[in-house]
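What follows is a short report on a single structure.
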Amino acid sequence: MLYSAETAAIYDLYFPPDRSPEAELWARLAGPGATHLLEPMIGTGEVALLLAAKGFEVTGVDLATPMLAVAEERRRAAGPEVAGRVCLIEGDICHVALPAARFDLAYVSRGSWHVLAERRMRMDALRAVRRSLKPGGKLAIELFPPFKSGGQSEPQAFRPHRPVPPGLDVVKTSMVERDVDQQVMRIHEALTVNGRTTECCLLLQLLTPEQIRSELKKAGYRQVALYGSYALAPYKDGAPLILTVASV
Ligand SMILES: C[S@@+](CC[C@H](N)C(=O)[O-])C[C@H]1O[C@@H](n2cnc3c(N)ncnc32)[C@H](O)[C@@H]1O
């Protein structure tokens, strides 16, 4: 399974302890007066809960039960007021039934979009999200920029960005293969958490700025802007990320 219980147990450790810059970015893009946000591929819900603490109503969709279980635990721990503003839906963002014209902003963080490896999947997801946006609502997607050279990495050990909680014993090896012509990354991972092992291969399809722009337009989005930083500097070749913001 791609996002197993073991993956979910250590997922947050991949991120810096403070993810508020991301929450601030999405709040800023949502704009004044925005109330309802959608996070397709919400994972363990950390950024969504930060946004709910700011007063937004946040709906998150994810297809991995173990990831949603962590998000649900986090939701409950936030207390009744904040928890009441977060709705978690188990489903595939390509086909999930979402309320029509409900959200001011849908945001996709940290390259999650790349798991939609086939164009057909991305088009279905773009259309499902578009129907759920209010007139004038926006979809913002944070993408990895295309890579310039291919090949296979050496096996890499686990490098958490937060202290590993006591009682969590983690052994992990991963290896990344990059196909520069296809812009496909394959991440092979063997993970053991407290004696339970999972192995998986995650395929990420990277996109050129032209591809993402054309897919958004084809799915009915207008005014597509591409940025290269959270400070919303215009995207240029060599930027560390591609942040697309499109409106309906
Ligand atoms: C990188 S993780 C989540 C990132 C999360 N948004 C964050 O910023 O912490 C990607 C998530 O996408 C979910 N996912 C993958 N394909 C999906 C799909 N078709 N529909 C919904 N969720 C999906 C996985 O289960 C996983 O939890």
Can Glu215 be described as out of contact with any His (no Cβ under 6 Å at 6 or more places or on another chain), surrounded by 17 or more Cβ atoms within 10 Å (Cβ to Cβ) and under 25 Å from Glu118 (Cα atoms)? yes
Between a residue in segment 43-70 that is closer than 24 Å to Arg162 by Cα and any residue that is more than 9 Å from the ligand (Cβ to nearest atom) and of a type in the set (S, T, N, Q), which pairs come within a Cβ distance under 9 Å, given they are 6 or more apart or on different chains? Val47/Ser20; Ala48/Thr59; Leu50/Ser20; Ala64/Ser4; Pro66/Ser4
It is to be established whether one or more residues within segment 136-155 are assigned to a strand (DSSP E or B), of a type outside the set (Val, Ile, Thr), touching a strand residue (DSSP E or B) at 6+ places or on another chain (Cβ under 9 Å) and more than 30 Å from His95 (Cβ to Cβ). yes
Considering every residue within segment 34-56, establish whether at least one is basic (Lys, Arg), within 12 Å of the ligand (Cβ to nearest atom), assigned to a loop (DSSP other than H, G, I, E, B) and surrounded by 14 or more Cβ atoms within 10 Å (Cβ to Cβ). no
Residue pairs within 6 Å by beta carbon, gap of at least six or interchain, first lying in segment 76-93 and in the same structural domain as Val129 (by TED's automatic domain parsing), second in a loop (DSSP other than H, G, I, E, B) and within 16 Å of the ligand (Cβ to nearest atom), listed first then second, are Asp92/Leu63
Suppose we filter segment 14-33 for residues that are more than 12 Å from the chain's Cα centre (by Cα), within 11 Å of the ligand (Cβ to nearest atom) and of a type in the set (D, E, K, R); how many remain? 1
Report yes if Leu88 is surrounded by fewer than 22 Cβ atoms within 10 Å (Cβ to Cβ) and either of a type outside the set (A, V, I, L, M) or within 12 Å of the ligand (Cβ to nearest atom) (or both), otherwise no. yes
Just the residues that are within 11 Å of the ligand (Cβ to nearest atom), in contact with a strand residue (DSSP E or B) (Cβ under 7 Å, 6 or more places away or on another chain) and not in a loop (DSSP other than H, G, I, E, B), please, taken from segment 91-128. Tyr107, Val108, Trp113, His114, Val115, Ala125
One residue is enough: does segment 197-210 have a residue meeting the conditions in a helix (DSSP H, G or I) and closer than 29 Å to Ala23 by Cα? yes
Which pairs do you get when a residue that is aromatic (Phe, Trp, Tyr), found in segment 128-150, comes within reach of a residue that is outside any strand (DSSP E or B), reach meaning Cβ atoms under 8 angstrom, with the pair 6+ apart or on two chains? Phe144/Gly111; Phe144/His114; Phe144/Leu206; Phe144/Leu241; Phe147/Val180; Phe147/Gln183; Phe147/Leu206
Pair list, Cβ under 8 Å, 6 or more apart: segment 159-185 residue under 26 Å from Gln205 (Cβ atoms), other residue assigned to a loop (DSSP other than H, G, I, E, B) and of a type in the set (D, E, K, R): Met175/Glu154; Val180/Lys148
Quick check on my filter: what residues within segment 61-82 are near the ligand (Cβ under 8 Å from one of its atoms) and farther than 19 Å from Ala9 by Cβ? Val61
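The values are calculated or read from the model by the stated rules, or taken from the named source; none is laboratory data. Since this is a predicted model, take the numbers as computed values, not measurements. Note: ideal-geometry Cβ built from the backbone for every residue, glycine included; neighbour counts use all protein chains shown.
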